Amino acid sequence: QVQLVESGGGLVQAGGSLRLSCEASGRTFSSYAMGWFRQAAGKEREFVACISRNGGKTSYRDSVKGRFTISRDNAKNTVYLRMNSLKPEDTAVYYCAARNGVVGRIYEYDYDYWGQGTQVTVSS
């Protein structure tokens, strides 16, 4: 069982930056690939980024490439999402997720555990 707690969301102006954190409970964090997803109001949840369990492989949705960076610190049981050059269309609730596997995936159903989400609001 893994519990995930996100933090770091908030209100930021367009062009600004935020860093989201997701801390996992348990001693097996390094066994899990991690992902970040987001859900805007009235829309379906969508993939944002993922990272392999050793941090060596990452993937991003096209609209965030070059602006967002996913990373992890297995010693701290934490995965991060650094978000730069934020746009109003990045406004959403951001969720982290864990899957018991080597690499991350882009589909929600591939993940076993989810956090409660953290709100990111980007004003224009």
Check every one of the strands (runs of 3 or more DSSP E) wholly within the range 1-55 and list those with 2 or more residues that are surrounded by 14 or more Cβ atoms within 10 Å (Cβ to Cβ). 4-7, 18-24, 33-39, 46-51
With the requirement that a residue be touching a Leu at 6+ places or on another chain (Cβ under 9 Å) and more than 14 Å from Gln39 (Cβ to Cβ), what does the range 85-124 give you? Leu86, Ala98, Tyr113, Val122, Ser123
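Table: residues versus (1) crowded, with 22+ Cβ neighbours inside 10 Å; (2) modelled with pLDDT of 95 or more; (3) under 22 Å from Gln13 (Cβ atoms); (4) in contact with a strand residue (DSSP E or B) (Cβ under 9 Å, 6 or more places away or on another chain).
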{"site": "Gly66", "(1), (2), (3), (4)": "no, yes, yes, yes"}
{"site": "Asp73", "(1), (2), (3), (4)": "no, yes, no, yes"}
{"site": "Asn77", "(1), (2), (3), (4)": "no, yes, no, yes"}
{"site": "Ala97", "(1), (2), (3), (4)": "yes, yes, no, yes"}
In the range 46-79, anything within 12 Å of the chain's Cα centre (by Cα) and within 17 Å of Asp110 (Cα to Cα) is listed as Glu46, Phe47, Val48, Ala49, Cys50, Ile51, Thr58, Ser59, Tyr60, Arg61
Residue check for Gly42: free of Cβ contacts under 8 Å to residues at least 24 places away in the same chain and under 14 Å from the mean Cα position of the chain (by Cα): no
What's the number of the condition Leu81 fails, among (1) open to solvent by 30 Å² or more (accessible area, probe 1.4 Å); (2) touching a strand residue (DSSP E or B) at 6+ places or on another chain (Cβ under 7 Å)? (1)
Are there any pairs with C-beta distances below 9 angstrom linking a residue in the range 14-35 that is closer than 30 Å to Ser85 by Cα and charged (D, E, K, R) to a residue that is part of a strand (DSSP E or B) and open to solvent by 20 Å² or more (accessible area, probe 1.4 Å), with the two at least 6 apart or on different chains, and if so which? Arg19/Tyr80; Arg19/Arg82; Glu23/Val5; Glu23/Ser7
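Every residue, every condition in (1) of a type outside the set (A, V, I, L, M, F, W, C); (2) modelled with pLDDT of 95 or more; (3) at positive phi; (4) touching an Asp or Glu at 6+ places or on another chain (Cβ under 9 Å), yes or no:
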{"site": "Leu20", "(1), (2), (3), (4)": "no, yes, no, yes"}
{"site": "Gly26", "(1), (2), (3), (4)": "yes, no, yes, no"}
{"site": "Ala41", "(1), (2), (3), (4)": "no, yes, no, no"}
{"site": "Ser59", "(1), (2), (3), (4)": "yes, yes, no, no"}
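Open to solvent by 30 Å² or more (accessible area, probe 1.4 Å), over 19 Å from Gln119 (Cβ atoms) and part of a strand (DSSP E or B), is that true of Ser59?
For Ser59, the condition - open to solvent by 30 Å² or more (accessible area, probe 1.4 Å), over 19 Å from Gln119 (Cβ atoms) and part of a strand (DSSP E or B) - is met.
The values are calculated or read from the model by the stated rules, or taken from the named source; none is laboratory data. This one's a predicted model, so the numbers in the text were calculated from it and none came from an experiment. Reconstructed Cβ throughout: ideal geometry from the backbone, glycine too, with neighbour counts over all protein chains shown. Only protein heavy atoms, including side chains, enter the accessible area calculation; ligands, DNA and RNA are left aside. Shrake-Rupley method; radii C 1.70, N 1.55, O 1.52, S 1.80 Å.
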